[in-house]
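Note sheet for the following structure.
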Amino acid sequence: MRCPGCCNPALFPAVGGEALAVTEIIAEIEAADVEGITVLGGEPLEQLPAVAELCAAVAAGGRGVLVFTGHTLAEARALPGFDRLWASVDTLVDGRFDARMPEPDPGIGGRRFLGSRNQVIHHRSSRYADADLWTGQNRGELRIEADGRVSVHGFPEQTRALLRLLQGPQLASTSTKRS
């Protein structure tokens, strides 16, 4: 969909990356012992059969499923195979990001995780329906693994700020000439 102003433009290209079988992704999810998954893009419905298979397996394992799509729910329902995905989703956030309608900062009444006011949250279960989940400040998450690897997750502006902190102070060098 390539919405202008999207926070994930690096995910637009349909080339590159690493091709994984759904079973490989499920194995990684199970090994990580996470509560659930969030599927976003780019546009996840461009890979609808695989995304539906993944989400069905995740839900069958008792984990939560949250999906963000640029399609409206009505548009998505018209896509062949969407019913299988919809049956597995706890919450779906729909609507193209619209830079002309930015979501207010969550600290002043906006909704967390959403980029623009036109986006709609559809809860199919109560798993992620608690209003407190969708309010409050957006945060970045920093994980330090047992092997020393560091991963940073969250909204781009928060992850960039965390990465700057990890890199430490940056000193500007200047040179002066004396005559």
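With R₀ set to 35 Å, the beta-carbon distance separating Glu145 from Thr23 gives a calculated FRET efficiency near 0.90.
Database remark: amide H of Ser116 closer than 5 angstrom to the amide H of Asp98, Glu103 (H placed geometrically; neighbours at sequence offset of 5 or more, or on other chains; Pro and chain starts carry no H).
Our summary gives the stretch 9-137 a relative contact order of 19 percent, counting only alpha carbon pairs under 8 angstrom and 6 or more residues apart.
Relative protection proxy for 74-81, 36-43, 51-58, from highest mean packing down: 51-58, 36-43, 74-81 (other beta-carbon atoms within 10 angstrom).
Readers should treat all values here as calculations from the given coordinates under stated rules, not as data from a laboratory. Keep in mind that what you see is a predicted model, and the values were worked out from it rather than measured. Using ideal geometry, Cβ is built from the backbone for each residue, glycine included, and neighbour counts are taken over all protein chains shown.
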